[in-house]
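For reference, the structure discussed in these notes is given below.
The values are calculated or read from the model by the stated rules, or taken from the named source; none is laboratory data. Owing to the predicted nature of the structure, the values given are computational and were not obtained by experimental measurement. All Cβ positions, even for glycine, are placed from backbone atoms using ideal geometry, and neighbour counts span all protein chains on display. Heavy atoms of the whole protein, side chains included, go into the accessibility calculation; ligands, DNA and RNA do not. Shrake-Rupley method; radii C 1.70, N 1.55, O 1.52, S 1.80 Å.
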Amino acid sequence: MVKDHGGAQSELQATAKGSGAAAQTTLDQETIKRALRRAEQVRRGFDKAYVADQGENHSNALTLYDRLLLWGEYEKLHALAIKMIPVTEAQLKQAKVLAGD
């Protein structure tokens, strides 16, 4: 997952150049708050919370990629979404298995 995400981030940044879209390079406040909550949960079952969070994160990523598919003005972002959807779907499936869904 780390390898996939690192590669996707690098590819998104390269692909976004010239599109008018800006690739996020810092964490937003909500993500920081969630990370701090996860740190607090280490004593109380981090693994379970992490797996649940991964389901939400990958579901949100699929929503983002669906939006990129609709944004047909920039072909490279459209192609990136097509490439990343199956990877993200597989990761979401893995997260659901780990969560027992």
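Note: relative contact order over the chain, using C-alpha pairs below 8 Å and six or more positions apart, is 30 percent.
Computed from Cα atoms, the angle from the helix 46-70 axis to the main principal axis of the chain rounds to 20 degrees. Cross-link partners for residue 93 among the lysines, with Cα-Cα distance under 21 Å and sequence neighbours closer than 8 places in the same chain left out: 3, 48, 83. Of the residues 60, 85, 42, the one whose Cα sits farthest towards the positive end of the charge dipole of the chain is 42 (charges of +1 on Lys and Arg Cβ, -1 on Asp and Glu Cβ, taken about the Cα centre). For segment 69-84, the residues whose amide N sits under 18 Å from a probe point set 7 Å from the Cα of residue 90 along the beta carbon direction are 80-84.
Label reach from residue 21 (point 7 Å along Cα→C-beta): in segment 57-76, amide nitrogens under 13 Å belong to 61-76. In degrees between 0 and 90, to the nearest 10, how far off the longest principal axis of the chain does helix 29-40 point, with axes built from Cα atoms? Between the helix axis and the principal axis of the chain, the angle is about 30 degrees. Rounded to the nearest 20 debye, the dipole size of the chain about its Cα centre is 340 debye, using +1 on the Cβ of Lys and Arg and -1 on the Cβ of Asp and Glu. Taking all protein chains as shown and a probe of 1.4 angstrom, residue 25 keeps an accessible surface of around 110 Å². Name all residues of segment 15-30 having a backbone nitrogen under 14 Å from the label point set 7 Å from the Cα of residue 76 along its Cα→Cβ direction, giving them as ranges. From segment 15-30, the list is 15-23. For a distance above 22 Å, tell me the whole-number percent of Cα pairs in the chain that qualify. Taking all Cα-Cα pairs of the chain, the fraction more than 22 Å apart is 37 percent. Against the main long axis of the alpha-carbon atoms of the chain, helix 2-16 sits at an angle near 30°. Assuming a viscosity of 1.002 mPa s and a temperature of 20 °C, what translational diffusion coefficient in µm² per second does Stokes-Einstein assign to segment 1-52, Rh being the Kirkwood radius over Cα pairs? Roughly 163 µm²/s, to the nearest whole number. Each Lys and Arg contributes +1 and each Asp and Glu -1, all at the Cβ; summed about the Cα centre of segment 22-74, the dipole is approximately 380 debye. Label sites at residue 69 and residue 83, each approximated as a point 7 angstrom past Cα along Cα to Cβ, lie 1.7 nm apart.
Placing unit charges on each Cβ (+1 for Lys and Arg, -1 for Asp and Glu) gives segment 1-73 a dipole about its Cα centre, and among 2, 14, 70 the Cα reaching farthest toward its positive end belongs to 2. In segment 15-94, the portion of solvent-accessible area held by carbon and sulfur atoms comes to 56 percent [1.4 Å probe, whole percent, DNA, RNA and ligands not counted]. Solvent-accessible surface of segment 4-80, taken per residue with a 1.4 Å probe and all protein chains present: 71 Å².
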